[in-house]
Amino acid sequence: RGADRRGQIAEPPRALMGRSARIVEIYKTLARAAMSSSTVLIRGEGGTGKELIARAIHENSSRRVRPFVLLQCRGLNGQQLERALTDAEGSTVFLDEVSDLDASTQAVLLRFLESEGSEGNRPNVRICAATHRDLDALARAERFREDLYYRLRVISMEVPPLRERMEDLPELVNHFLARHSARSGKEVSHVTDGAMRALRQSAWPGNVRELEHVIERAIALSRSPILDVEDLALSVAFQQPAPESPVRGESSRESTRESSLDELERQHIVKVLRESGYNKSRTSEILGIDRATLYRKAARYGIELRGR
């Protein structure tokens with residue numbers, strides 16, 4: 001496998017399935033990134049496939065014979081980072097949620113990246129980093145080192161949320177139907193038109209990861225070879241977006257749209273919490289977000305978290 005001379009990827013990550021303009025552009029950048037050793041910064045919401053993209057870069061590069069090393073940045077200290085980088089000779093190291101690194105660990109990473117090219121001074125390691133946060137804004141606010149930010153974003157990729165690439169939804173749904181039908185031993189061939197409309201009406205706060213959970217669970221619980229709205233409703237609450245008020249000005253229309261999406265997200269989080277018995281770990285998994293993000297969203301929307 002690997003990227004060939006034309007910069008084609010042998011197998012696209014499932015999160016990048018589709019033909020929307022933004023996905024095609026990411027696919028092209030991924031192919032070019034696989035042929036270099038430059039650092040890569042992948043930005044996007046939880047569940048958009050940032051880790052899958054980093055793995056695709058690694059698996060289509062000359063480093064594919066070495067392990068793909070994943071490091072969760074929350075709680076990672078400088079000594080642990082140095083040790084991991086030293087042990088990762090020839091590998092790709094993926095720093096998940098790089099914005100969670102504290103100041104001292106950021107300094108360790110910066111020193112490592114600045115030592116590039118010094119003979120015998122650093123292991124041969126390729127860095128891919130990901131975050132759901134705006135590092136540019138954090139750097140301006142002096143909450144993330146600006147020099148490190150520029151070192152990380154030699155190659156930069158912005159992964160769109162699922163709600164902004166709905167033209168890709170049918171292809172993603174069909175892929176997950178085939179994948180989980182085969183795993184479950186059931187012959188579920190497609191979803192009804194009504195089910196597809198329901199899927200399009202969801203705000204998808206957990207993005208592609210959440211979509212896969214929805215399809216997987218619906219297949220597991222359905223007794224029919226065709227999924228309908230009722231099957232999907234076992235997994236997620238679908239809501240018709242509230243109509244926009246007749247207001248003047250683009251900013252007012254944008255505000256109305258954002259308010260509608262916020263309410264959809266709030267309702268969906270409450271629904272998943274109830275279905276999981278307020279198990280916060282399971283809720284986070286279904287939504288495709290970490291627990292810290294769940295707590296932030298609960299505080300933002302005034303959602304009561306209780307139980308486990």
Of the numbered conditions (1) surrounded by 15 or more Cβ atoms within 10 Å (Cβ to Cβ); (2) within 18 Å of the chain's Cα centre (by Cα), Phe112 satisfies every one except a single condition; which is it?
(2)
What tally of residues in segment 124-162 results from selecting those that are open to solvent by less than 50 Å² (accessible area, probe 1.4 Å), in contact with a Leu (Cβ under 6 Å, 6 or more places away or on another chain) and assigned to a loop (DSSP other than H, G, I, E, B)?
2
For the list (1) closer than 23 Å to Arg140 by Cα; (2) in contact with a helix residue (DSSP H, G or I) (Cβ under 9 Å, 6 or more places away or on another chain); (3) surrounded by fewer than 18 Cβ atoms within 10 Å (Cβ to Cβ), I need the number of the one condition that Asp96 fails.
(3)
Examine segment 72-83 for a residue that is assigned to a strand (DSSP E or B), without any contact (Cβ under 8 Å) to a residue 40 or more places away in the chain and open to solvent by 60 Å² or more (accessible area, probe 1.4 Å), and state whether such a residue exists.
yes
Qualifying residues in segment 84-98 (those that are closer than 25 Å to Arg32 by Cβ and assigned to a helix (DSSP H, G or I)) - the one nearest to the chain's Cα centre (by Cα):
Val98
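What are the residues in segment 140-156 that are in contact with a helix residue (DSSP H, G or I) (Cβ under 9 Å, 6 or more places away or on another chain) and modelled with pLDDT under 95, if any? Write out each step before concluding.
At the first step, the residues of segment 140-156 found to be in contact with a helix residue (DSSP H, G or I) (Cβ under 9 Å, 6 or more places away or on another chain) are 140, 143-153, 155-156.
Selection gives Arg140, Arg143.
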Of the candidates Arg257, Arg274, Arg248, Arg223, the one satisfying the condition of being farther than 22 Å from His132 by Cα, modelled with pLDDT under 65 and surrounded by fewer than 16 Cβ atoms within 10 Å (Cβ to Cβ) is Arg248
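The values are calculated or read from the model by the stated rules, or taken from the named source; none is laboratory data. None of these values were measured; they are calculated from a predicted model. Please note: Cβ atoms are built from the backbone with ideal geometry, for glycine as well, and neighbour counts cover all protein chains shown. Ligands, DNA and RNA are excluded from the accessible area calculation, which covers all protein heavy atoms including side chains. Shrake-Rupley method; radii C 1.70, N 1.55, O 1.52, S 1.80 Å.
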